[in-house]
Amino acid sequence: MKFNPEKCAIADERMKPFIDADELWKHLQQPKPDAARVREIIAKSLNKERLTLAETAALILADEPELIEEIKNGARELKKKVYGNRIVLFAPLYIGNHCINNCKYCGFKASNKFAVRRTLTDEEIIKETEALEDNGQKRLILVYGEHPKYSPEYIAHTVGLVYGVKKGNGEIRRVNINAAPLEIEGFRTVKESGIGTYQVFQETYHPEAYKLYHPSGPKKDFDYRLTSLDRAQEAGVDDVGIGALFGLYDWRFEVMGLVRHTNHLEAVYNVGPHTISFPRIKDASEFDIDPKFEVSDDDFVRIIAILRLAVPYTGMIMSTRESARTRSDCLEIGITQISGGSRTSVGGYNDEIHEDGGFDSEETAQFDVDDRRTLGEVVDWLISIGYVASFCTACYREGRTGDRFMSLLKSGQITNCCQPNALLTLKEYLNDYASPETRRAGEAVIQAELEHIASDKVREKTREYLQTMEQDHSKFDFRF
C-alpha cells in the first residue's frame, strides 16, 4: 500500500505530545515535486490558505535554483499582500541569567563557570526601561533564565514594574515574555499582569537531538516543553510564540516541526501561534555544538520564504543575531518584526548599571549579536528602503488577540487598523526621538502610505490624528 503521510499523523489532543519524527521524515522522503506542483502550492498560499505538511515538504524538496526563486518570489508577494510595508520594532530586556539547565549552545548554562550571574534589582529594571524609552522603544520582550527565582509571581512583578515606567512621552505599551514553561496556574498568574505574547522555543523538534543538547535540568524533558503552550492556552494566554534554533539539527526537519506545531495549536485551540521566531546558532560562552547542521545564509533565506508561504498570517521575528544584510534580505520575503538596538546581556542598556555592577556585560550575554545598530539607525534604514517602522501595540490593548486577531486578519479587516496605527506610532517616534533628517524622510513615508489605507473614513481620521500630533507633541497614543 502506498504511504499516505497525511493519514499517519498523531491525533491532536489537548496537552498531549504531537511530534512523530518518523512521520515528519517520511514527508521529506517523498519524490521531488515538479514545477507545476510547486506553482500550485504557491498559488494556494497566495490565496492565504495555510499549507499542509505534505505541501510544506514539497517546497523544501524543490531545490532547483529556478524553483527556489519562484518560492522566494511567492513569499515576497504574499508578505506584501498580508503585511504591506509595515515592520514592527521591539527590544529584548534581559532580567536575569541564573539558570539550572545545561543547554550545550547557551551562555546561560549552569556549568558555565565563566558566566557572571546577575538578576536586575527593581531599581535596575526601572533604569533599563527608562534607557529603552529614551530611545523610543514601545515594545519589549523580557527574557529570563530558567531558575526557581524566576517564578510566575516574580515574572508578573517585573512586568508590572516595566509597565509602570513613564519617562517624558515614553512608555512601554506591550511586554512579551521569553521564559521557562509554566504550569497552567503559573501562566494564569503571568497573564493577569497584562503580558502580550508568551514565547517558548522548542529549540529542536527532533526528540533524540533534543536529548543530546539538553543533558540536565528541567529543560531536558522534551514533551513537557513541547506542550508548554498548550498549558498557556488552557490558562487563557492566547498569544503564544514558537521557534526553533536553526543549526542544532537538519533545518528541513525543523521547518516541518514548526508547521506541525502550528497545525496542532490550530486543531486544538482554533488559533495558531501569534509569532514564529528564527534564531540561528551563534557563538556563546562555553559553546559546544557540532557544526554539521550549520545553516548557510542561502538556506536561511529559503527557510524564511518557505515558512512565510506555509503560515500566511503568522508574524515572523528575526533578532539581531543576524547581520544587517541578512535581515534586509529576509524582510521582503517574510519577516514582520525585528529587534533594534538590542543587548543580550543583563544590564546592557544603562551605563550606570554597568559601571555600578562592576562586571563586563559580555560575561552576562546569552549569545553574540551581529547587527549592532542603534534603534535610531535601524529606523533610518527602514525608512530609507521604504518601510514603515511601526511601534504599534493597538490590537493587544484593544483586546484583539488570539482567534479574534486571526479572524480579523483572515477577513482583511485588520488593514483598517494596522496601517493607520503603524503610521501613528511612526509619527510619535518622529516627534519625540528622531533627528530632523529622519523626521523629513519619515514624514514622506507617512504621506505616501496614507494613500494605501482602503477606507476613506479611516484615512481621513488618520490624517486628522496626524495633524493634531504635528501641532501639539503632547497629543499622542491615538489608535484604531
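The values are calculated or read from the model by the stated rules, or taken from the named source; none is laboratory data. Every value quoted in this text rests on a predicted model; they were computed, and no experiment measured them. In this analysis, Cβ positions are derived from the backbone assuming ideal geometry, glycine residues included, and neighbour counts consider all displayed protein chains.
For segment 250-258, the criterion of being closer than 27 Å to R14 by Cβ, touching a strand residue (DSSP E or B) at 6+ places or on another chain (Cβ under 8 Å), modelled with pLDDT of 95 or more and part of a loop (DSSP other than H, G, I, E, B) is met by no residue.
Selection within segment 385-432: residues that are of a type in the set (S, T, Y) and touching a residue at least 12 places away in the same chain (Cβ under 8 Å). The member of this set that is surrounded by the most Cβ atoms within 10 Å (Cβ to Cβ) is T425.
Given the criterion at pLDDT 85 or above, surrounded by 20 or more Cβ atoms within 10 Å (Cβ to Cβ) and assigned to a helix (DSSP H, G or I), identify the matching residue among V346, V379. Within the list V346, V379, the selection yields V379. Exactly one residue among G194, G243 is under 25 Å from T344 (Cβ atoms) and buried (at least 21 other Cβ atoms within 10 Å of the Cβ), and that residue is G243. Among the charged types (D, E, K, R) and part of a loop (DSSP other than H, G, I, E, B): does that describe D238? Against the criterion (among the charged types (D, E, K, R) and part of a loop (DSSP other than H, G, I, E, B)), D238 qualifies. Are any residues in segment 296-321 under 16 Å from I281 (Cβ atoms) and of a type in the set (G, A, S), and if so, which ones? Once the filter is applied, which keeps residues that are under 16 Å from I281 (Cβ atoms) and of a type in the set (G, A, S), segment 296-321 yields S296, S319. Taking the listed residues K79, K32, the one that is under 30 Å from R173 (Cα atoms) and either touching a residue at least 12 places away in the same chain (Cβ under 8 Å) or polar (S, T, N, Q) (or both) is K79, with no other qualifying. Just to be sure, is V388 within 21 Å of the chain's Cα centre (by Cα) and farther than 30 Å from D230 by Cα? It is true that V388 is within 21 Å of the chain's Cα centre (by Cα) and farther than 30 Å from D230 by Cα. Residues of segment 141-167 that are in contact with a helix residue (DSSP H, G or I) (Cβ under 7 Å, 6 or more places away or on another chain) and of a type in the set (D, E, K, R): E146, E153, K167. Is one or more of the residues making up segment 145-152 farther than 30 Å from P291 by Cα, among the small types (G, A, S), modelled with pLDDT of 95 or more and assigned to a loop (DSSP other than H, G, I, E, B)? The answer is yes; a qualifying residue exists.
Considering only residues in segment 111-134 that are polar (S, T, N, Q), out of contact with any His (no Cβ under 8 Å at 6 or more places or on another chain) and modelled with pLDDT of 95 or more, the one that is surrounded by the most Cβ atoms within 10 Å (Cβ to Cβ) turns out to be T129. Is at least one residue of segment 457-467 of a type outside the set (A, V, I, L, M), in contact with a helix residue (DSSP H, G or I) (Cβ under 9 Å, 6 or more places away or on another chain), over 22 Å from L78 (Cα atoms) and in a loop (DSSP other than H, G, I, E, B)? Among the residues of segment 457-467, not one is of a type outside the set (A, V, I, L, M), in contact with a helix residue (DSSP H, G or I) (Cβ under 9 Å, 6 or more places away or on another chain), over 22 Å from L78 (Cα atoms) and in a loop (DSSP other than H, G, I, E, B), which makes the answer no.
If you filter segment 80-110 down to residues that are more than 21 Å from the chain's Cα centre (by Cα) and surrounded by fewer than 20 Cβ atoms within 10 Å (Cβ to Cβ), you find that the one that is nearest to G348 (Cα to Cα) is H98.
Of the residues examined, E40 is one that is at pLDDT 95 or above and surrounded by fewer than 21 Cβ atoms within 10 Å (Cβ to Cβ). Taking every residue in segment 226-255 that is within 13 Å of L24 (Cβ to Cβ) and pairing it with any residue that is among the charged types (D, E, K, R), at least 6 positions away or on another chain, the pairs with Cβ-Cβ distances below 7 Å are A244/E203; A244/E254; W251/D299.
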